[in-house]
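First up is the structure itself, then whatever we jot down about it.
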Amino acid sequence: MLEIRGLTAGYGRLAALKSVDLEVRKGEVIFVVGPNGAGKSTLLKSISGLMAPTGGTLVFNGEPIAGQSPEKLCRKGLALVPEGRSIFRTLTVQENLLLGGMIRKDKAEAAADLERVLEAFPILKNRYRGVAGHLSGGEQQQLAIARAILQRPSLMMIDEPSLGLAPLVIDQVYESLRQLNASGLTLLVVEQSTARILDLASRIYVLRNGHVALEGSASELADGHALEEAYFGYGDRQTAHA
Amino acid sequence: EEPIKIGFAIAESGWLSNYDSAPFKAAVMKIEEINKAGGLLGRQIEYSVMDTKTDQARAATVGAQLVDGGVDMLVVSCDYDFGAPSALAAKQAGKIAFSLCAADPKMGVQGVGPLTFTANSAAQSEGIAIAEYAQKKMNLKSVYVLEDLTIEYNKSACAGFRAAWVAGGGEETILGNDTFKNDDPSIASQITRLKGLAKQPDAVFVCSFTPGGASAVRQLRAAGIDQPILANTAMVDNYWLNAVPGLKDFYLPAFMSLYGDDPRPEMNKFLESHKARYGEPPVSSYSVLGYSLIEQWAYAVEQAKTTESEAVVGVMNSFKDQPFTAGPTSFTDQLHIQVDRPWLIMKVESGSFHAVEVYRNSFKPDMKLLFRVGQ
Amino acid sequence: MSRPSKRSGSKERLEARGVAVAFGGIRALNGVDLELSRGEVLGLIGPNGAGKTTMVNVLSGFQRPTSGSIRLDGIDVSRLTARKIAQAGIGRSFQAARLFRTMTVEQNLSVAAIGGGLSRREARERALDILDWMGLAGKADHRCDSLSYGDERRVGIARALALQPSFALLDEPASGMNDAECEALMKVIAELPARFGCGVLLIEHNMKVIMGVCQRIHVLDGGQSLAEGSPQDIRMNPAVRRAYLGEKAADSTLAI
Amino acid sequence: MKSKTMPSLAAIGRFWFPVLALVVPLALIVVVTGHFGGLSLQRTVIEMLISIVIVVGLYVFVGNSGIISFGHATFMAIAAYASAWQTCCEMLKPITMSGLPHFLRDQSIPLLPSAIVSVLLAGAAAFLTGLVIMRLTGLAASISTLAVLFILNVVYSNWDSVTMGSASIVGLPTYVTAWLALGCAVLAIVIAYLYQISAFGLAIRATREDEVAAAASGISLYWSRLIAFTLSGFLVGLGGVLQAHYLGTVSINNFFLSFTFLALAMLIVGGMGSLAGAVVGVVVITAMVDIFRRLEGGISIGGQQWSLPAGTQELIIAGFMLLILVFRKDGIMAGREIGLPQQPHREKGLING
Amino acid sequence: MANIVQVLVDAIALGSLYALVALAIGLVFGVMRLVNFAQADYITIGAYALVVPTASVTPPLLLGALPAALMIGGVLFVVVVLALLTERVAFRPLRNSNPSTLLISSFAVSYFLQNLVMLIHTGRPKSVGIGQSLANAVEIGGVRVPGVQLLTMGVTAGLLVALVLFLKKTPLGIQMRAAAENFQMARLLGMPANRVIALAFAISGLLSGVVSLLLTIQTGTLDLRMGLMPVVYGFFATVIGGMGSLPGAALGGFLVGVASVLLQTYLPADLRPFRDAGVFTLVILILLVRPQGLIVTSAAKERV
Ligand SMILES: Nc1ncnc2c1ncn2[C@@H]1O[C@H](COP(=O)(O)OP(=O)(O)OP(=O)(O)O)[C@@H](O)[C@H]1O
Ligand SMILES: Nc1ncnc2c1ncn2[C@@H]1O[C@H](COP(=O)(O)OP(=O)(O)OP(=O)(O)O)[C@@H](O)[C@H]1O
Ligand SMILES: [Mg+2]
Ligand SMILES: [Mg+2]
């Protein structure tokens, strides 16, 4: 459903992505891992339209989407939970959630979804009319994910969902993701730690220094050092310091 | 032979340009007339203009540049604040500076210096003239003074008015004083105070200027205050009358009438020449001051037979009711501004100003009043 | 090496007694007691919204407790402003790094050192000292807005240390770091008491880090103390497993 | 083999480079225009140097604290009027400023002491004002400085017996030459530089970046801002004295909104985050204004007289400022000083970071 | 007695006018962290649209010549278009800049517009005689209320309620607040965020247009700087009311208006010239007591 070929992107003179190829098929859960500064967030930003790529092709459901605005892409079924809890801090939890379902036409369905999400994240129910900016770090993260779920996208991209979450809540979030995936949602998830992802992932990409260092199915990468090697890339770091 | 040079350090842009442009055009007209008649001392007059941009630093620079370029006399802006920096430059070079229409006596000996003149009367004289006229000719017994504090000009006019009114009718006939700012969007509370007086005044004196003055008059009339309104010269000319449809009983002292009903033939002649030269009457009656400025200086040069500053100033200081277009003109070595030049009293009726009569104030402001000492 | 502070004597104990904080109807903290001595690393864990950050805010003077008190060597400091508390020897980092973005790394640390009472020159020396120790020396003259996320967090910690605090309060320093970086961070934190003679209060959701460096762990839940004890005790505590760890995490950390 | 003093000389050079990079070109401008420029250009250069004193003074507070101040014209006015009271127009003073105390009314005070007293007065006024309003932060602080500007304007415009109301005081001795203005500009730049690299400067810059983190680092918002406010009060006071004795007139209307906006615009167009930005902003805007003013005044191209309509200069300047802001959000210098090329490790940062 | 009531009416009327301006400023500030000084020129240009653009001092009426409804519509339209234009050209490219850059850019816009008006109309004040009947006072129980003042009070109250409801209750209002806070995220949720923010400008233009008309009816005059003082007062009002709170802005507007009238009324004659100093001192005092302004929304309090 999403095909990326030779994608490049950067900030000013800095090339953050140097030719990335990546594919997401319908119903898959794709994980992108890699060290700090590898370009993971840049990748998601480029797909979602927040950043205009400098080269390469982006095809979503058969249609080239490079350079389209985020609001357009959202309406085509792409959702992004950006890094660092982009919630509306001055709005209430309720209003934040409402904005998630804003562009949906199926209002009845949306209401049902809201019920379900509040069940899954009870903390949001407690703070429903409170100002989102006063939530704790982890609560804000939950709100961001919940809001994306309410968008009912066909492809959902999440940048580090476990950031700042309590271990138990990480389990819950992953459980929710599993259920969503089971109900047909395709996922593209960036994670920092490889510990939890293997049993949920269809395939894993390791990004390093702006290019794909390794790609494989979860089972292929489950054991062995390939993943670790590609991931940490100690050698690379050291040359960078030299 | 070398031409005589006059420099104009005036505002061609910025808000002051509206006040400078009309008298400037008239001054140019006078220069052309002189040149046509064979020049001054047999020499043609050349003039150059530089834009002060309504900015004091610019005014100083432009003044210095013109003086540097060798002018014989420097004409400076209509306003004391913006004319003075240029005049200072002239002073330093020993040249005469002549303001188009500053109404502040400081544009003269005590302020900038003994080489500085203005073509206008002191603002105090406006207030005095209308106060005397109201008491003597209109038979008004009591008055209420509404003073706009935004610029010094109005404070001076009000000071003159009060002094003359008290002299003629006593302290107690000024039933009250109030103040406002030109950009106040509303003078409702001032009106409330006026309306709350136990005895309503026979007239209201508003010393202000447009737009705030026009707005004040509109609000006074809208509040049902129908007594005569007296004002100072800055409110002259028809352009603002739209603000108060149906205005009447509004009086002020003016330089001249632009509407053909001036009782003085020389004014009408000036009007005609202006129409002939520019295809339209002057936009402002301040215009005549510019014309008269050149006239006065040229006359003095002719008498002195030189453009040399000391000599010319000497002649000018000896003017005593010297007849010029703007009216009888007097200077002394202490005073380079008019204090009792006759005014044309005008009133508003059916949407236009009309000449009433020429009136000359008998109360003369002393130095204390002119510099508003201890007010 | 840590040079003696200009402040008169370092503080030995930081105590919270019956601290409660309410935001309108929300009780973020409800009668919490906490003790921290110089030289120890105390872990503070608990579910999201348990009140951990609020506790740090109270200890560092950013939040007035509704009731209860904060004592530094027995002296009540709960009425002091955040700045006074910082100068009294309590340094903190933030959940979001909050660096002085347009300033260099060295300047970021120097600010805190100056706040702690050093002159400009001494501050610079101290800053370079700490950066050197944390392996950030090469970044001293980089502007903070050009740092990677991991470096940002490390600078945040370094800045808290530059104040020469008797107590350093670190709020989720490891969030967003990968495994290797976590390891490096653990080393840094473990060494703090010995090197700087300070006590450390560490908030983390990464159990590896918590279990790896803390001598004692305090667990908050819903604004109340749930448990306190050694890492072993906490890991086995059923209440903690239920409220916070979940079976998976608790077991996976067993492996360490 | 380098001698032992070489490294320290290099260090001194490196230390002073950001100042030299600003001062040397300014001195060159003065020399060149002094020799080859016309009267108008020379006066423009003096005006520019005075503006540098003022804008650098403004920068000491605004740039370092990040709080926009609308109030600095107040301290200029205080200094300018103080200087006028001490040095101006012995003949007029007893008449028009009768409310002055005797020792001012009936005599003039020598220029140097009067200038020093005026500048001190401006600094003291800034200190007292700051004592009250530096308790506020952010926009509340900005708006209070605006209120201060209005208050002073109202008081000076109506305190007729001392300030001559809103009328100009005319006839101050005009002693400001290009070299004096340059000297003062250099002084202002050096003071601003030393301040910004001092512990105080560092502390206040931290509060600009993040008030919360600064407090957590033991920095007092109030005192660090008060110090900056006072220091910048001194500097703009110096600017006020220069301006007064350059023009020879003092008028309260010159220390009001339009002046404030222009000074702020210069600072922000140059980039309020750095001293270089303050200086560059003044130079660029002054140059633009001068160029377009000349075009307005008329130039001849190939014997053809050609000029812009009067009043277009303002439009062009406004448009130009907008363009700079749009394309360089942080101003021309974008918060950076002019420094020697940095050590090569910057590259590494890019790869790594 | 009637006198005190009269003073209060005067005070509230002036307060309403400032409140209206403050609403416009507060709205745009809420959306963009922009203190838009060009609002002054929106007001000015709206008023100048009543007459034909010429250098003549007595220009014929343009929009002012139309029947009331068309005239009002025309002026509002002109100001809304102007507001949108400035947003598009000057403010949109600067979104996410720091507030001081935005502030200066609004000075630049204001400077530009003011000089443009001066170039076209000259700097000389002009006059228009619209709405004379509204300017006339009606007596209600011994109290004199000019029609415009009554209108100002009504319009301000109505617009305040409408705006607050709009922002709190309608989806579009919520979207506007969201886009104001985090523009990128708003777009990620499918919001046409640029249009939403432009809408805020349009509303501020609408409010400014209303101010143009009310001011012109009250004063009958046109002047380059007619919008300046109302906007300065509006700016003060927004800050003491509590930035980000529209009711706060309105309250602030009332306060400065009321303070101004009360000082004018009750100060002894020789202190009256210093009236405005009193108002501005009051502003500082209020801020010292309540640095966040009078009405602090819980959303405005940031947690550490
Ligand atoms: N706004 C920005 N401006 C300049 N450079 C940036 C910006 N954002 C990211 N970079 C740089 O681009 C590169 C890739 O960053 P990116 O955020 O995509 O990495 P990441 O893999 O998401 O890292 P992390 O794990 O820390 O989130 C890094 O070198 C980073 O420093
Ligand atoms: N200013 C505030 N206003 C209202 N509620 C608040 C405020 N600050 C904190 N809270 C509430 O208090 C509770 C505790 O928050 P705190 O930030 O201390 O949690 P935490 O333990 O740090 O959580 P996390 O692990 O997610 O960071 C949360 O439920 C939060 O919503
Ligand atoms: Mg990332
Ligand atoms: Mg927390």
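The values are calculated or read from the model by the stated rules, or taken from the named source; none is laboratory data. Please read all numbers here as calculations on a predicted model, not as lab measurements. Glycine gets a Cβ as well: all are built from the backbone with ideal geometry, and neighbour counts include every protein chain shown. Side chains included, ligands, DNA and RNA excluded: accessible areas come from the protein's heavy atoms. Shrake-Rupley method; radii C 1.70, N 1.55, O 1.52, S 1.80 Å.
Quick notes
- Only protein heavy atoms count here, probed at 1.4 Å, and on that basis chains D and B bury about 2500 Å² of accessible area in total.
- Fluctuation leader among A:ASP106, A:ASP21, A:ASP159 - chain A, Gaussian network, Cα springs under 10 angstrom: A:ASP106
- Couplings 3J(HN,Hα) for region B:353-359, derived from phi with the Karplus relation 6.51 cos²θ - 1.76 cosθ + 1.60 (θ = phi - 60°), are 6, 10, 5, 9, 6, 8, 9 Hz, where x marks Gly and Pro.
- DSSP bridge pairs, the protein assembly as shown: antiparallel proportion in percent, nearest 5: 50
- Across peptide B:60-69, the mean count of Cβ atoms from other chains lying within 10 Å of each residue's own Cβ comes to 3.
- Per residue value of the accessible surface for chain A (all protein chains in place, 1.4 Å probe), Å²: 39
- Shielding by partners for peptide C:77-86, expressed as the average number of C-beta atoms from other protein chains within 10 Å of each residue's C-beta, is 3.
- Solvent-accessible heavy-atom area per residue, rounded to whole Å², over region C:99-143 at 1.4 Å: 34
- For a 4.7 Å threshold on C-beta separation, the list of partnerless cysteines in chain D reads D:CYS184.
- Net charge over other residues, Cβ less than 12 angstrom from the Cβ of B:CYS207 (K, R count +1; D, E count -1): -3
- With the convex hull of its Cα atoms as the shape, chain B has an orientation-averaged projected area of 17.3 nm².
- Shown here for region A:117-149: trypsin sites (Lys or Arg not before Pro) in loop regions (DSSP other than H, G, I, E, B) with at most 10 other Cβ atoms within 10 Å, namely A:ARG129.
- Check: chain A dipole with +1 on Lys, Arg Cβ and -1 on Asp, Glu Cβ, in debye: 900
- Region E:9-128: radius of gyration over Cα atoms, expressed as a fraction of 2.2 N^0.38 Å: 1.16
- Interface area, chains E and B: about 3200 Å² of buried accessible surface, summed, with a 1.4 Å probe and ligands, DNA and RNA left out.
- Of interest is the spacing of the C-alpha centroids, which for region A:175-212 and region E:245-304 amounts to 56 Å.
- Taken per residue, the accessible surface of region D:45-86 reaches 7 Å², heavy atoms only and a 1.4 Å probe.
- Low-density loop cleavage sites - GluC sites (Glu not before Pro) in region B:1-52, where at most 11 other Cβ are within 10 Å (DSSP): B:GLU1
- Exposure rule at most 13 other beta-carbon atoms within 10 Å, DSSP loop trypsin sites (Lys or Arg not before Pro): chain D longest free segment: D:5-353
- Rounded to the nearest 10 Å², the accessible area of E:VAL155 at probe 1.4 Å: 40
- Annotation: B:TRP15 carries an accessible surface of approximately 80 Å², with a 1.4 Å probe and no ligand, DNA or RNA atoms counted.
- Accessible surface of the protein assembly as shown, 1.4 Å probe, proportion on carbon and sulfur as whole %: 60
- Chain C: DSSP helices with Cα axial extent of at least 30 Å and average Kyte-Doolittle hydropathy no lower than -0.5: none
- For chain E, the normalised intensity computed at q = 0.07, 0.09 Å⁻¹ comes to -0.27, -0.45 (log10 of I(q)/I(0), Debye sum over alpha carbons, equal scatterers, no solvent).
- Taking a quarter of the surface of the Cα convex hull of chain A gives a mean projected area of 13.4 nm².
- Cα gyration tensor shape for region E:95-203, rounded if a/c is under 1.5, else prolate or oblate: oblate
- Peptide D:98-107 has a mean of 1 when you count, residue by residue, the C-beta atoms of other protein chains within 10 Å of its C-beta.
- Taking trypsin sites (Lys or Arg not before Pro) across region B:171-207, the ones in a DSSP loop with at most 15 further Cβ atoms lying within 10 angstrom of their Cβ are B:LYS199.
- Highest-fluctuation residue, B:ILE229, B:ILE151, B:ILE294 considered, GNM on chain B with Cα pairs under 10 Å: B:ILE151
- Accessible surface buried by the C/A pair amounts to about 1800 Å², both sides summed, 1.4 Å probe.
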